[in-house]
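One structure is given here, and the rest of the page talks about it.
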Amino acid sequence: MSVASMLEDASTFWIPTPMAQALANRVEAWVRCGHTGGLIIGEARLGKTKAVKALQHQLKNRSGQPIRVLYTHYGLRDVETIRAVFAKVARALDFEVKRKTADVLLENIVIRLADAAQANDTRQVVLIVDEAQLLTIAQLNAFAEIYNDLVNLHINCSVFFIANQDQFHTLGKALLRAENRYLRERFFNNFDYFYGIRSEEELKACLHEYDSLIVSEASSICATEYFCPTLYHQGWRLANIAPLYWRHYRERYGIPLGLNSWGMAQFTRATNLLFMDYLPGCNDKTDQVLMEACVIKSLEGAGIAPSLVSLVGASG
C-alpha cells in the first residue's frame with residue numbers, strides 16, 4: 001500500500017486523539033469501579049466508532065492485566081427480535097448463526113465472553129454495542145439475559161452502548177419508564193458525551209500525531225517529512241499550523257454553522273487534502289500567505305458545510 005493510500009483509506013486510518021484518550025480513561029474508570037454498563041453519546045461522524053474500537057487493546061484492570069473488549073453494532077435492517085440480537089452478537093464473535101435457536105446462540109455468546117474474561121484475575125470482560133439508538137427495549141432485554149448468565153458463571157461483564165445523540169431520544173424516554181428501571185440502572189446509570197475537536201490545543205495534538213506518524217519503517221520517515229520534505233527540513237511541523245487552521249475553521253464553519261465540535265471524518269478529510277495536495281507546494285515556512293491559502297482550500301474541499309441544505313432547505 002502506498003503512503004497516500006494509507007492516509008486515504010478511511011476504513012482503517014486512525015490517529016490517537018485527546019478525545020479518544022478521554023473516552024478510554026472514562027471507560028477504564030467505569031470498569032475498574034465495577035460498573036456494569038454505560039452510555040457514550042455524541043453527534044454523528046465525530047469518530048465514536050473508531051475511538052471505541054481502539055479500546056480493544058487499551059483497557060487494563062488495577063493490576064495491569066488486559067481486559068478484553070468485544071464489539072458489535074446494529075443497523076436499521078436488523079430484525080427487532082431477541083434472537084436477532086443474539087445472532088448479531090454471535091456473528092461478531094465469529095460464530096455461525098444459521099439454523100441456531102436463540103438458546104444456542106445465547107450459550108455461544110456466554111461461553112465466548114466467559115473465555116475472554118479469563119485474560120485477567122478479576123474475570124472482567126467488556127462488550128461494546130454501537131449504534132445503540134436503533135435498539136428497542138425488547139432488544140435491550142437480550143443484553144440483560146447475557147449479563148445474567150455471565151453472573152451465574154461469576155463473570156464480571158460491562159456492556160457499554162454507543163449512540164448518536166440526534167436519534168437516541170425515543171429509546172431514552174422509554175428507559176425512563178418505571179417498568180424499565182432494571183435496564184436503566186444496570187446499563188445506563190453512567191453516561192458521557194463524546195466530542196470532536198473543540199479547541200486549538202486539541203487540534204494541535206491531532207496534527208502532532210501526523211508529525212509522529214511513521215510511514216516508512218525502513219527509513220523511519222514520518223508523514224510530515226514524506227509529504228512536505230522542504231518544510232520539514234526547515235524545522236517546520238504540521239502542528240505549527242494549528243493556530244491558523246483553527247481560526248479559519250472556527251470563523252468559516254464552526255461559528256456560522258453552530259457546530260459544537262469538529263468531527264474527525266471532516267478533520268481527516270481536510271487535513272489529508274492539506275497535507276498531500278496543497279502544502280507540498282509550499283517551500284518556505286515563513287510564507288504565511290500561501291499557507292493560509294492552503295488551509296482555506298483544504299477546508300473548502302472537506303465537505304464541512306451541509307451543501308444539501310442549499311438544495312432542499314433546512315429541516316424542521
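Any read-out appearing in this document is the output of simple, stated calculations on the displayed coordinates, not a laboratory observation. The shown structure was predicted, so the numbers you read here are calculated from the model rather than taken from an experiment. Reconstructed Cβ throughout: ideal geometry from the backbone, glycine too, with neighbour counts over all protein chains shown.
Pick from the range 132-184 the residues that are more than 16 Å from GLU80 (Cα to Cα) and hydroxyl-bearing (Ser, Thr, Tyr): which of them is farthest from the chain's Cα centre (by Cα)?
The selected residue is TYR182.
If the Cβ limit is 7 Å and pairs must be 6+ apart or interchain, which residue in the range 196-220 that is touching a residue at least 12 places away in the same chain (Cβ under 8 Å) and over 21 Å from ALA44 (Cβ atoms) pairs with which residue that is part of a strand (DSSP E or B) and of a type in the set (A, V, I, L, M)?
If the second residue must be part of a strand (DSSP E or B) and of a type in the set (A, V, I, L, M), the pairs left are VAL215/ILE221.
Listed residues GLU209, GLU179, GLU185, GLU201; which is loosely packed, with under 15 Cβ neighbours inside 10 Å and under 30 Å from GLY254 (Cβ atoms)?
Working: GLU209 fails: loosely packed, with under 15 Cβ neighbours inside 10 Å; GLU179 fails: under 30 Å from GLY254 (Cβ atoms); GLU185 fails: under 30 Å from GLY254 (Cβ atoms).
From the options GLU209, GLU179, GLU185, GLU201, the qualifying one is GLU201.
List pairs: first in the range 99-116 and in contact (Cβ under 8 Å) with a residue 12 or more places away in the chain, second of a type in the set (Phe, Trp, Tyr), Cβ under 8 Å, 6+ apart or cross-chain?
ALA102/PHE86; LEU105/PHE86; LEU105/PHE95; LEU106/PHE86; ASN108/PHE95; ILE109/PHE86; ILE109/PHE95; ARG112/PHE95
Report the residue count in the range 1-46 for those that are more than 30 Å from TYR182 (Cβ to Cβ), touching a Phe, Trp or Tyr at 6+ places or on another chain (Cβ under 8 Å) and part of a loop (DSSP other than H, G, I, E, B).
Counting residues in the range 1-46 that are more than 30 Å from TYR182 (Cβ to Cβ), touching a Phe, Trp or Tyr at 6+ places or on another chain (Cβ under 8 Å) and part of a loop (DSSP other than H, G, I, E, B) gives 2.
Each row is one residue, and each column tells you yes or no for (1) assigned to a helix (DSSP H, G or I); (2) hydroxyl-bearing (Ser, Thr, Tyr).
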{"site": "GLN133", "(1), (2)": "yes, no"}
{"site": "ALA144", "(1), (2)": "yes, no"}
{"site": "TYR147", "(1), (2)": "yes, yes"}
{"site": "ALA174", "(1), (2)": "yes, no"}
{"site": "TYR182", "(1), (2)": "yes, yes"}
{"site": "ASP192", "(1), (2)": "no, no"}
{"site": "LEU207", "(1), (2)": "yes, no"}
{"site": "SER219", "(1), (2)": "no, yes"}
{"site": "THR230", "(1), (2)": "yes, yes"}
